[in-house]
Amino acid sequence: MSDFGAYMDGNISLEPIQKGSLDGLTFAVKDVFAIKDYVSSAGNPDWLHSHEPANETAPVIISLLNNGATLKGTTITDELMYSLNGENYHYGTPINPRDPSRIPGGSSCGSAVTVGAKLTDFSLGTDTGGSVRIPSSYCGIYGIRPSHGVVNIDGVIPLAKSFDTVGWMAQTAEMLMKVGDVLLPPQENGSFSRFIMGKDAWALADEEVKKALLPLLEKLEKSVPSYSATIIAEEGLQKWAEVFRMLQGREIWQEHGAWIQRVNPTFGPGIAERFQWASTLKEEDVVQYQQKRRIIQQRMEKLLEDDGILIIPTAPGIAPLINLPTRELEVRRNQTFQLCCIAGLTGFPQVNLPLITLNGIPVGLSFIAGRNQDRKLLRLVSEWTEKW
């Protein structure tokens, strides 16, 4: 399949509005971004059929067009962005260009595949619980979840607003930074002087992944000013993941519950069960988790400040095989969530670096910086990738 099954609508095209730093570059967007006179599907036919065309195009797309880029196509997403797998029950599974027998990761699956397959120069996705970071890891590309709130998210179908971010993916760190120069506000100067390995995060990684990444970590340790190891979550990352899951679930039902009850949409396996669970959550159920989230944020702000980098595996392992039983995928999802919730709960920026493969299959390494250190983080990734 020449387009790797990545597109929801590959015929949509928007020409640049004016010249700029992205002249000659093409990008695709996850099918959740508003495009004037087009209906976004959010990965579900019932959503597609029950919504009207957009009145205007999302500002983040306009920013790219204003800098010379050309939009080429909308891409498949998991249903209402509520998955990390990239297997859409209705529209199919985009083909992982690094290994067609494995899932591409979700929910920004199609956008990751267009970059991994070199169909576009970069792509836009959204990341609430890992939806840019995980497909970036599985498809062997660079991807950023920026600090929460720094990139304009107007005109994007929400999942859970206090976690939702607009992220982007690219083949190179240089391209990732080039897009960031357009989308990110002017920010911080300085450099990172402390590099911290999260021991409990690394404990979640498969042994083969740890072994594959070890030479990279050893090289990093020898080349940075300060390198140390710490326990990120004394109470356990499983507890942090539960905080994220509960708060996200409540927000999701507040956002989409009325539509689900009115339309009674058909959801695929795994998605349906998650929405059913979210429907049972009440506001009083999540009050304690809101308090825990604030404590986690304060702890991580103190750990990283404006000069620290946290180093973790992006995912526990390589991309799972396609068509695995739902129960088996849920086990992996829970492990993955424990890694993804760190940046999710804190609102910190995280970048996936695709520097290593395991028998030819990508293994992702992640750098997490303090809030609003996005530009500095992208510079670090670009500089360090050149050294590697």
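The values are calculated or read from the model by the stated rules, or taken from the named source; none is laboratory data. All values reported here derive from a predicted model rather than from experimental measurement. Glycine also receives a Cβ, built like all others from the backbone with ideal geometry; neighbour counts cover every protein chain displayed. Note: areas computed on protein heavy atoms with side chains; ligands, DNA, RNA excluded. Shrake-Rupley method; radii C 1.70, N 1.55, O 1.52, S 1.80 Å.
Accessible surface calculations at 1.4 Å, restricted to protein heavy atoms, place the chain at 39 Å² per residue. Which value, in debye to the nearest 20, describes the size of the charge dipole of the chain about its Cα centre when Lys and Arg Cβ atoms bear +1, Asp and Glu Cβ atoms bear -1, and nothing else is charged? In debye, rounded to 20, the chain gives about 700.
In this rough spin-label picture, where each label sits 7 Å from Cα along the Cβ direction, the residue 21-residue 258 distance is 4.0 nm. Descending by average beta-carbon neighbour count within 10 Å, the peptides 298-308, 151-161 line up as 151-161, 298-308, the highest first.
Our helix-only sum for the chain, with -39,500 (n - 2.57) per DSSP H run of n ≥ 4 divided by its residues, gives a mean residue ellipticity at 222 nm of -12000 deg cm²/dmol. Packing here is the average count of other Cβ atoms within 10 Å per residue, and on that basis the peptides 7-15, 368-376, highest first, run 368-376, 7-15. The HN-Hα couplings worked out from phi for region 150-163 by the Karplus form 6.51 cos²θ - 1.76 cosθ + 1.60 (θ = phi - 60°) are 7, 10, 4, 10, 4, x, 10, 4, x, 10, 9, 4, 7, 10 Hz, whole numbers, x standing for Gly and Pro. Using heavy atoms of the protein chains and a probe of 1.4 Å, the accessible area assigned to residue 197 is about 40 Å². Anisotropy class assigned to region 50-197 is rounded, per the alpha carbon gyration tensor with a/c under the 1.5 cut-off. Once backbone amide H atoms are built at 1.01 Å from N, residue 197 has 228, 229, 230, 311 as its partners under 5 Å, excluding neighbours fewer than 5 places away on the same chain.
Within the accessible area of the chain, the carbon and sulfur atoms contribute 48%, probe 1.4 Å, all protein chains present.
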